[in-house]
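The values are calculated or read from the model by the stated rules, or taken from the named source; none is laboratory data. Predicted, not measured: the structure shown is a model, and the values here were computed from it. Counting neighbours? That spans all protein chains shown, and the Cβs are built from the backbone with ideal geometry, glycine included.
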Amino acid sequence: MRHSCCDVIVTYCWNRVGYNILRSLSAHGLRVWAADTSKYNICSKSKFCSGAFTYPDPFSSEEAFIECLKKYVVELKPRVLLPTHDESLVIMRHREEFQQELIIPYMDAESLMNLSDKAWATEKARECGVPIPKTYKKCDDVDIFPCVFKTVIGNSAKTVFFPKDKDELAHLVEEYSREKTLIEEWIGGTDYSVDCVRWDGFFYATTYHALVTKTNGGGTTTQREIVSVPALERYARMLLDCVDFKGVCGIDFRYDPASGQTAFIEVNARFTGGLATPVTAGFDIPWVIYSLATTGRYDSPINVKVGTRTKWILGDIITLVGRMLSFDFNLREWNQALTFRGFDTYDDYRQDDCGAILGEMSYYLRKLLKNGKLNP
């Protein structure tokens, strides 16, 4: 018998991704509990949250994190445990410790680890016929700058760099000599993310284009627009079919509409930061994956509205502060970040749930005061 107040436990709920999952599932009558390391966040302060609890850090206290989750799963008896970010890998490493009837709609830990390795995923994309950037084995092989230097494990572009010359590249190679890294050619255009759900015989995908990103050169998006680029969705399916992927994911590409040049960037085998955009456009990803995982079917029509735009309000504020601190002034981008017109919805604010964005701001403020960083 399930707990009378819990159908789904969602983890890593401090940010807008968890919030859009919460809103999606609760809109379909599900009772959603939010779990995170923090007591105060966007989900716990939302009126749509049925309950909340905190757990130890999944990455520094893995065993304690798992024990805490197991305790609440026994107590609340949810039908689904839904990780939203990199904690999914930690949870799937311990899948056998949870009841088999508990649904966790993710692939096994080894598959998740492989897909999160940018070098492994890039090679697999090449094998599948997906366009990839030119890669270099060593610093001296690079003949055109800027290039791209990144660690093979990482998210939100925190360890992605664009060295402008060989000296800068050599410094990065030395600095990250103890980590596995990747050196690639720089591709023009901008970032495009293909959000996908693949589950047995079901596949659907939609693409959004980054209008503003928190860091120069790509990474976390603060404004997005749904676009129609069938080739990118075809490439995404080629790769997911090749690895027999099952679940939800986002595949990032660099794409230049003017030249048609396309290059695979990485796989995020989880919900993406821009989740609000496809959901608002008509591809209700959290509900789709919940339905497939619990019933094996999703038969409702999906009609995505091209041109749908969403904005992460707090993200734009953080972007502008970051630009100011680095003296990186781009008038066009500033005007874009400051505009509130032309958006179909916001990632982190709805008039019917004002407490949520206050919870989000409280979380970021606490992290800023504790760590001195705008990016938690």
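Annotations for the structure displayed:
- Within segment 250-259, the set of residues being in a strand (DSSP E or B) and farther than 19 Å from residue 119 by Cα comprises just one member, 255.
- All conditions in (1) surrounded by fewer than 20 Cβ atoms within 10 Å (Cβ to Cβ); (2) more than 28 Å from residue 254 (Cβ to Cβ); (3) more than 22 Å from the chain's Cα centre (by Cα) hold for residue 76, with the sole exception of (1).
- Residue in segment 260-283 that is surrounded by fewer than 23 Cβ atoms within 10 Å (Cβ to Cβ), in a loop (DSSP other than H, G, I, E, B), without any contact (Cβ under 8 Å) to a residue 60 or more places away in the chain and on the phi < 0 side of the Ramachandran plot present: no
- Considering the conditions (1) part of a strand (DSSP E or B); (2) modelled with pLDDT under 90; (3) surrounded by fewer than 16 Cβ atoms within 10 Å (Cβ to Cβ), residue 203 is excluded by exactly one of them, (2).
- Cβ pairs under 8 Å, 6+ apart, first in segment 199-222 and on the phi > 0 side of the Ramachandran plot and charged (D, E, K, R), second part of a loop (DSSP other than H, G, I, E, B) and at pLDDT 90 or above: 200/246; 200/296
- Filter result (among the charged types (D, E, K, R) and either in contact with a Phe, Trp or Tyr (Cβ under 6 Å, 6 or more places away or on another chain) or buried (at least 19 other Cβ atoms within 10 Å of the Cβ) (or both)) within segment 122-173: 124, 150, 164, 165
- Taking (1) among the aromatic types (Phe, Trp, Tyr); (2) under 30 Å from residue 343 (Cβ atoms); (3) free of Cβ contacts under 8 Å to residues at least 24 places away in the same chain in turn, residue 162 satisfies each apart from (3).
- Some residue of segment 165-181 being part of a strand (DSSP E or B), under 16 Å from the mean Cα position of the chain (by Cα) and modelled with pLDDT under 95: no
- In the condition set (1) farther than 13 Å from residue 247 by Cβ; (2) crowded, with 19+ Cβ neighbours inside 10 Å, residue 88 is compliant with all but (1).
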